[in-house]
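The values are calculated or read from the model by the stated rules, or taken from the named source; none is laboratory data. Not measured: the values here are computed from a predicted model. Quick reminder, even Gly has a Cβ in these numbers, built from the backbone with ideal geometry, and neighbours come from all protein chains shown.
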Amino acid sequence: MTISAWREEVCERAKGAFLGLAVGDALGATTEFMTPREIQAQYGVHRKIRGGGWLGLKPGQVTDDTEMSLCIARALITAKGWDLTGIADNFVAWMKGKPIDIGSTCRKGIRNYLLNGVLETPCNEWDAGNGAVMRMAPVALFTLGDDQLLRRCALEQARLTHHHPLSDSACLCIGQMLHRALFGADTVALHEITRELIRNHPNFRFNRYNGQASGYVVDTLRTVFHHFFTTSTFEECLIAVVNQGGDADTTGAIAGMLAGAHYGRQSIPESWVRKLDGAIRREVETAAETLIELSPWWCSAKTD
């Protein structure tokens with residue numbers, strides 16, 4: 001494969017990751033906080049982007065998962081580099097705009113920056129939520145090709161709002177999986193990354209998945225990993241995840257970014273893409289391409 005063809009393939013996977021996040025968010029928001037039995041009673045199998053849910057969304061509308069990810073992307077694209085203060089400023093502007101949904105831990109961290117200029121929230125035993133992991137797509141795209149940069153940026157963006165060993169490890173795991181998936185790694189290679197996470201934190205083990213899909217980061221990743229590794233298409237993975245209910249917009253967003261990177265942009269059902277808010281769809285695809293072009297990998301590929 002030529003360098004040009006390789007770059008094009010990685011760009012398509014990058015678009016798949018960011019678009020997959022938004023699609024998974026919009027799909028899962030409908031079933032957020034529902035149980036599988038409630039979902040089955042109301043929808044049979046939930047497989048359409050239809051809006052509604054506890055937030056009363058319009059079809060194709062996204063939530064904080066996509067919106068906070070775009071805050072990161074905009075800051076990096078504006079600065080043409082890593083800019084933690086720019087990310088924090090974008091979070092503040094977003095919060096002041098009264099978003100339709102914002103998690104309590106995210107709100108606390110953003111307010112701490114707004115009031116005190118603090119760019120790293122203190123370590124807190126209650127910060128093991130999934131709010132930092134849901135924003136990992138733009139971080140992984142921007143740092144592609146540099147594992148140390150990924151580690152630094154993943155933890156810095158996470159600790160703006162969440163500072164907990166489980167959150168940190170989850171962010172690093174998803175970032176590493178995205179990097180490998182963007183380069184075309186198979187599921188065996190991606191599974192090995194999860195085993196490293198489990199060696200360090202055995203409670204992430206998902207081979208005996210019990211159906212818990214809460215906002216606790218362990219439940220979130222166990223849900224995502226179980227369904228990602230037991231399905232064979234983007235659509236099958238996302239339907240399985242969001243029909244689990246619980247924190248379905250975030251499990252859907254994380255599964256979407258991972259499956260989108262693995263299966264590629266073309267794997268995302270066009271019926272879902274067409275339903276997604278048009279402005280969001282255009283921005284995430286453009287941002288994905290721009291972030292990849294800012295990455296260490298792109299810079300090295302240009303000179304090879």
Regarding the stretch 243-256, can at least one residue be identified that is among the charged types (D, E, K, R), modelled with pLDDT of 95 or more and surrounded by 22 or more Cβ atoms within 10 Å (Cβ to Cβ)?
yes
Of the conditions (1) hydrophobic (A, V, I, L, M, F, W, C); (2) touching a Leu at 6+ places or on another chain (Cβ under 6 Å); (3) within 20 Å of ASP168 (Cβ to Cβ), TRP82 satisfies every one except a single condition; which number is it?
(2)
Quick one: VAL188 ticks every box in (1) farther than 21 Å from ARG222 by Cα; (2) without any contact (Cβ under 8 Å) to a residue 24 or more places away in the chain; (3) among the β-branched types (Val, Ile, Thr) except a single one, so which number is it?
(1)
Filter the stretch 158-184 for residues that are within 21 Å of LYS15 (Cβ to Cβ) and touching a residue at least 24 places away in the same chain (Cβ under 8 Å) and give the result.
ILE174, GLY175, GLN176, MET177, LEU178, HIS179, ALA181, LEU182, PHE183, GLY184
Of (1) part of a helix (DSSP H, G or I); (2) modelled with pLDDT under 95, VAL139 satisfies all except one. Which?
(2)
Of the conditions (1) surrounded by fewer than 24 Cβ atoms within 10 Å (Cβ to Cβ); (2) free of Cβ contacts under 8 Å to residues at least 24 places away in the same chain; (3) of a type in the set (A, V, I, L, M); (4) within 25 Å of GLY16 (Cβ to Cβ), the single one that LEU149 does not satisfy is (2)
Pick from the stretch 162-190 the residues that are in contact with an Asp or Glu (Cβ under 8 Å, 6 or more places away or on another chain) and either outside any helix (DSSP H, G or I) or polar (S, T, N, Q) (or both): which of them is surrounded by the most Cβ atoms within 10 Å (Cβ to Cβ)?
HIS162
Inside the stretch 203-284, counting only helices (runs of 4 or more DSSP H) that do not spill past its ends, which hold 2 or more residues that are in contact with a Gly (Cβ under 8 Å, 6 or more places away or on another chain) and closer than 26 Å to ASP127 by Cβ?
217-229, 234-242, 248-263
Which count do you get for residues in the stretch 36-65 that are in contact with a helix residue (DSSP H, G or I) (Cβ under 6 Å, 6 or more places away or on another chain), surrounded by 15 or more Cβ atoms within 10 Å (Cβ to Cβ) and closer than 13 Å to ASP277 by Cβ?
5
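What about GLY109, is it crowded, with 16+ Cβ neighbours inside 10 Å, touching a residue at least 12 places away in the same chain (Cβ under 8 Å) and assigned to a loop (DSSP other than H, G, I, E, B)?
Here the answer is no, as GLY109 does not meet what is asked.
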Which of the residues spanning the stretch 1-50 are without any contact (Cβ under 8 Å) to a residue 40 or more places away in the chain and of a type in the set (Asp, Glu)?
GLU8
